[in-house]
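The block underneath contains the structure these notes are about, expressed in structure tokens.
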Amino acid sequence: MKIKAAIRSVVSDKKNVFRAIAVALVLLYSFVLIVLCESLSRGSLGEMISFIGNSPTDAIFVNCSVLTALAILFLWLITTKLSVSVGLVSVLLYIVHLVNYLKTSMRSEPFFPWDIKLAGEAANIIGDMNVSINTVMVRPAVVIIIAVIISILADIFFKKYVAVKYRFALPMSLAVLAGLMLLSRVCFSAPYRAARGISMSLYHQLENYDNYGFIYSFVFNYQNASVEVPEATDSDGILETLSEAGITSQEKLCTQQDIQVENPNIIILMSEAFIDIQESENLIFDEELLPNYRQLSDNYLSGKLITQQFCGGTANSEFEVITGLSNYFMPSGTIAYTNYIGRETDSLASFLEENGYKTLAIHPYLKDFFSRDKAYGFLGFSEFLSDESFEGYETKRWANFYSDAALSQKIIEQYEQNKDSGKPFFNLSVSMQNHGGYDKDDFHEETVNCEINAEVTESAQNAIPTYVTGIALADRALGQLVDYFSNCGEPTIIIFFGDHVPYISDGPEATFEAIGYTGSLGTLESNYKLHSTPYVVWNNFEETPTHQTEDMSMFFLMPYVTRTLGLDRPNYYYFLDYIYQSFHGITPFVCLTSDGEPVKQPTEDMEKALSDMQTIQYDLLFGDKVSEDYLF
């Protein structure tokens with residue numbers, strides 16, 4: 001009887017009825033908010049309806065909605081303002097889902113927790129692109145505005161009915177917080193995922209976000225943001241790994257007899273989004289688009305570099321080339337410069353600097369883009385020139401995109417200035433001219449005529465001629481460099497390569513398939529084309545140039561160049577030569593066997609070498625650097 005009386009007392013209290021209604025409305029709103037935000041992330045309300053109608057995604061949807069409701073209730077209790085709690089939670093969810101939608105649309109890559117560190121860089125790039133507002137963006141924004149307005153009215157007119165006395169508010173808020181934390185811990189845990197059949201991959205991130213939604217996938221990546229620690233991280237294990245590779249002492253393996261060219265100038269030019277688009281079956285050009293690149297690749301070292309980057313992530317490509325380390329052992333989507341380069345890290349730049357070189361990095365854009373201003377110093381570059389050094393130089397497309405011709409001019413000027421020092425010249429240059437997105441008539445009267453014999457979207461129709469023009473100008477700038485250094489009177493090497501395929505339009509994979517660049521999507525051939533870029537290595541000192549074609553991962557490029565042309569090299573490159581005997585390339589999307597044959601996944605023959613490489617890489621990047629004196 002006492003229990004019934006207590007229940008009757010609670011129900012008869014109008015405040016309790018209002019509170020119950022308010023909680024129910026918060027829960028209902030949370031369900032609506034998750035539906036709209038997830039539909040924004042997916043770009044379609046219809047896809048979201050399918051998402052919540054199947055198992056295990058129905059449980060994921062309920063969990064996320066309840067967590068959202070608990071977050072709103074907690075903030076409401078501690079701020080006493082429903083409008084504040086609804087506004088904060090709603091705007092935060094809207095922003096992260098909007099960012100995921102935009103990034104997925106532009107890069108075919110979802111929004112990761114570590115992308116937050118790159119917010120400034122992303123804002124600069126998006127600011128230079130045409131982003132059209134559509135229904136999926138507007139719909140949740142309108143609902144959020146209406147919800148905030150209703151919440152404000154509730155704060156004004158109904159607060160006296162739902163207000164909780166302070167002595168009750170604190171324990172209630174702690175109880176709600178405890179519920180929020182407990183539910184989060186349970187529903188995002190590995191046992192829960194296993195019980196529900198939620199199978200998430202560290203490498204196939206788009207599948208994660210498509211199959212399990214933004215919130216679950218984002219939290220999963222947060223939980224797995226740390227780099228996996230290999231088994232043999234102790235000193236004995238590291239030294240045993242080196243010994244198996246033939247490195248048993250700190251003595252330098254590269255002898256004077258191995259060196260065919262003493263201290264040549266070395267220029268590494270990474271060309272933004274450069275591929276040979278002429279390989280597309282359904283594009284027709286009036287004339288040869290890349291005469292310099294093709295002439296050089298027919299006579300010098302050339303081939304394809306495979307990369308796990310797709311339509312972006314430029315800094316990871318240069319990271320692999322300059323360090324000889326692999327992104328394969330890092331969480332998918334992370335940026336090495338931003339996430340992991342926080343101390344002095346051995347690289348080709350540090351090796352050459354110790355051997356008397358002038359080490360210079362050039363990137364004609366914001367100096368803190370991808371944290372290059374910090375990373376380059378840790379990697380051993382003595383100087384870094386950003387867009388601040390390009391004032392008055394030629395720009396293309398946009399006011400802050402300096403041309404590839406201007407970059408070539410700057411490289412030549414810096415080389416000339418360095419002559420008086422008597423030091424050999426090492427330069428890493430990263431171009432910016434051809435960065436996406438590609439708008440119609442970006443190059444105006446310079447636009448190259450390109451016939452598109454395929455059904456593509458309007459954005460692709462506008463983008464392709466612009467992209468084609470950009471790489472034609474990049475090829476011309478390459479010729480400018482080669483012409484100059486052909487007659488500079490000093491032995492010089494120019495390594496030219498693309499960082500990743502271009503984001504050529506909305507849905508770039510479909511566009512590449514339509515124009516006949518990749519073949520059918522999902523095939524090994526398609527993966528290979530979408531995750532590879534061309535390279536060529538020119539020099540001015542071989543009487544008969546070494547012409548051979550070999551494909552490999554980007555981190556193998558400089559060991560290959562130094563080995564083939566007979567340059568001084570660190571012991572670490574000999575370690576990579578040992579790894580190269582087992583495989584020539586590794587990414588989550590395509591691998592190359594020791595014979596250079598593409599395969600979808602690592603073979604058993606690769607596993608031991610991958611484990612050895614992971615052990616040494618972890619030691620150099622994160623460990624005690626036990627191997628450093630043996631390798632550099």
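Derivation of every value follows stated rules applied to the coordinates shown; laboratory data play no part. Computed from a prediction, not measured in an experiment: that's the story for all the values here. Here Cβ is always computed from backbone atoms with ideal geometry, including for glycine, and neighbour counts include all displayed protein chains.
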Legend entry - Computed over the chain: relative contact order in percent, which uses C-alpha pairs under 8 Å that are six or more apart: 19 percent
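A 26 angstrom limit on the alpha carbon distance is what I want to check against. Which of 304/367; 103/358; 103/410; 367/529; 304/374; 374/625 exceed it?
Numbers: 304/367 29 Å; 103/358 38 Å; 103/410 32 Å; 367/529 31 Å; 304/374 30 Å; 374/625 20 Å.
304/367; 103/358; 103/410; 367/529; 304/374, as the Cα separations exceed 26 Å there.
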Legend entry - In nm, spacing of pseudo-spin labels at residue 455 and residue 146 (7 Å Cα→C-beta vector): 3.7 nm
Legend entry - Nonlocal amide H pairs with residue 428, under 5 Å, H built at 1.01 Å: 268, 360, 361, 362
Inset, instruction - Enter the angle in degrees (range 0 to 90, nearest 10) between the Cα long axis of helix 404-418 and the first principal axis of the Cα atoms of the chain, meaning the one along which they spread out most. - result: 60 degrees
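If contacts are Cα pairs under 8 angstrom and at least 6 residues apart, what is the relative contact order of the range 504-607 in percent? Walk me through the numbers on the way to the answer.
Values: 95 pairs, mean separation 20.4, N = 104.
That works out to 20 percent.
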Inset, instruction - Determine which lysines satisfy two conditions relative to residue 15: a Cα distance under 26 Å, and not lying fewer than 8 residues away in the same chain. - result: 2, 4, 81, 159, 160, 165
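Which of the peptides 338-347, 614-623 is most tightly packed, and how do the rest follow, going by the mean number of other Cβ atoms within 10 Å of each residue? Write out the running numbers ahead of the final one.
Numbers: 338-347: 19.0, 614-623: 21.4.
Final packing ranking: 614-623, 338-347.
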Legend entry - Sites residue 186 and residue 343, calculated FRET efficiency, Cβ-Cβ separation with R0 45 Å, nearest 0.05: 0.75
Legend entry - 0 to 90° range, to nearest 10: angle between helix 14-42 axis and the chain longest Cα axis: 20 degrees
Inset, instruction - Return the whole-Å distance between the Cα centroid of the range 214-229 and the Cα centroid of the range 513-580. - result: 32 Å
Inset, instruction - Would you calculate the separation in nanometres between label points at residue 114 and residue 298, each defined as 7 Å from the Cα along the Cα-to-beta-carbon direction? - result: 4.2 nm
Inset, instruction - Please determine, in degrees from 0 to 90 and to the nearest 10, the orientation of helix 135-157 with respect to the longest principal axis defined by the Cα atoms of the chain, where the helix direction is its Cα long axis. - result: 40 degrees
Inset, instruction - Set the Förster radius R0 to 22 Å, insert the Cβ-Cβ distance between residue 608 and residue 240 as r into 1/(1 + (r/R0)^6), and round the FRET efficiency to 0.05. - result: 0.95
